[in-house]
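Read the structure below first, then the notes.
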Amino acid sequence: MSLSIPDTLRGRDYIETRDWSVDEIQLAIDVAGDLKQRFKRGEATLVLQNKTIFLFFYDKSTRTRNSFEAGATQLGAHAHFIAAETSQAAHGESPKDMGIILSSYGHGIAIRHDLVPGEGNTLMRAVAEHATIPVINMQCDVDHPCQAIADLMTVQEHFGKDNIRGRKIAVSWAHAPSYAKPMSAPQGLMMLMPRFGLDVVVAHPPGWDLMPDTVEYAKKVAAEAGTKLEFTGDMDAAFEGADIVYPKSWGIMDLFGEPEESLRRSKKHRDWICDERRMKLLKKDGVYMHPLPADRGNEVTDDVIDGPQSIVYPEAENRLHTCKALMALTM
Ligand code: CP
């Protein structure tokens, strides 16, 4: 069957999952599933021929950059990679000028700016206000909507699309010495999963609280969806009876300007690791997820991430298919 991309989302920004309805997010996952099958069959899916997307990175990336670049190529489009420090953004060029000018050059703008609380989301929304082409959030301080939608697709694939309501996902902080990681991946899950019927428990030591407005939003959508949203300081309690565990590190909100101090405090909680003992607390068919890169030996042991309950590679693969769907639907 020939590929047909609905035009109901054409021109729309994708900055936070809250900007799209449940039906719109499900449409993107369904299109991603279609693109995935076609990719596996080796079919051409050139629905964005002669289109250009600009990828602005204020932070490093493996999956996001490559899924957008490869995905654009597979759709017939071209992706320009721009390290923000090599652009005039580093000299303070305004988001207004960025939005207006890039809109006259191409068909989509994607931005990653995730390590400074209060900055990335504000920048993207300012670019989007002036752009006449869609703006996609490749991870900001508030949300990682490209990761969250890939995670949801992976959960739907693993358990069955109509078999996820009432399942428990434990989004837990874990110790990592590599760097003070953004808060947006756990926040993105906490804000999206309740809307699709999952019960969410968030676990972290004292001091690693998520942003208050994301917590308030998550409580609101969980109440609307009739799902549970709980918080605990006990990793074991979060894992107990979980269908999905998602243990990863994030930094202390007020210490992103002093990452060394955030990492120093993290060392006191080295016992916040996902290991085989903790995996035994899950339901029998429970799974381990992580957006990657994982700090092996700190956030998670090798036997867990490489073990039979880990679905991190299908999860990472779905970053490609979902970002293709987002580009195909909006550009
Ligand atoms: N999960 C994720 O966003 O990976 P990258 O940081 O490599 O893009």
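Please treat every number below as a calculation from the coordinates, not as lab data. Fair warning: this is a prediction, and the values are worked out from it, not measured in the lab. For neighbour counting, all protein chains shown are included, and Cβ atoms are generated from backbone atoms with ideal geometry for every residue, glycine included.
For the stretch 64-106, the spread of Cα positions along the three principal axes, ordered from largest to smallest, is 33, 22, 12 Å. Sites listed here are trypsin sites (Lys or Arg not before Pro) in the stretch 264-328 whose DSSP assignment is loop and whose Cβ has at most 10 other Cβ atoms within 10 Å: K280, K284.
A protection proxy built from the mean count of other Cβ atoms within 10 Å ranks the segments 84-92, 193-201, most packed first, as 193-201, 84-92. Cβ-Cβ distance of H91 and D23, R₀ of 45 Å, FRET efficiency by 1/(1 + (r/R0)^6): the value works out to about 0.60. As a length-normalised measure over Cα pairs under 8 Å and 6 or more apart, the relative contact order of the stretch 147-315 settles at 27 percent. Note that the stretch 160-208 carries a Kirkwood radius of 12.2 Å, evaluated over its alpha carbons pair by pair. Computed extension gain for N66 through R296, at 0.36 nm per residue and net of the alpha carbon distance, reaches 80.6 nm. Pairs of lysine residues in the stretch 165-247 that meet both criteria, 8 or more places apart or on different chains and Cα atoms under 16 Å apart, total 4.
Which value in deg cm²/dmol, rounded to the nearest 500, describes the helix-derived mean residue ellipticity at 222 nm for the chain, given -39,500 (n - 2.57) per DSSP H run of n ≥ 4 and division by the residue count?
Values: 12 runs with 130 residues, N = 331.
Taken over the chain, the calculation gives -12000 deg cm²/dmol.
Sorted on the mean count of surrounding Cβ atoms within 10 Å across their residues, most packed first, peptides 126-133, 170-177 read 170-177, 126-133.
The value given for the stretch 167-311 is a Kirkwood hydrodynamic radius of 15.1 Å, derived from the mean inverse Cα-Cα separation. In whole percents, the pair-distance distribution calculated for the chain from its alpha-carbon pairs, binned every 20 Å from zero, is 33, 59, 8.
Its relative contact order, with pairs defined as Cα atoms under 8 Å and 6+ residues apart, puts the chain at 21 percent. Which percent of the Cα-Cα distances in the stretch 1-149 go past 18 Å? Every Cα pair in the stretch 1-149 considered, those over 18 Å come to 58 percent. The calculated pair-distance distribution of the stretch 133-248 uses every alpha carbon pair, bins of 5 angstrom beginning at 0, and gives 2, 12, 22, 25, 22, 11, 4, 1, 0, 0 percent.
When N is the residue count of the stretch 269-324, what does its C-alpha Rg come to as a fraction of 2.2 N^0.38 Å? Kindly include the intermediate steps, with their values, before the conclusion.
Numbers: Rg = 12.2 Å, N = 56, 2.2 N^0.38 = 10.2 Å.
Compared with the compact-globule rule of thumb, the stretch 269-324 sits at 1.20.
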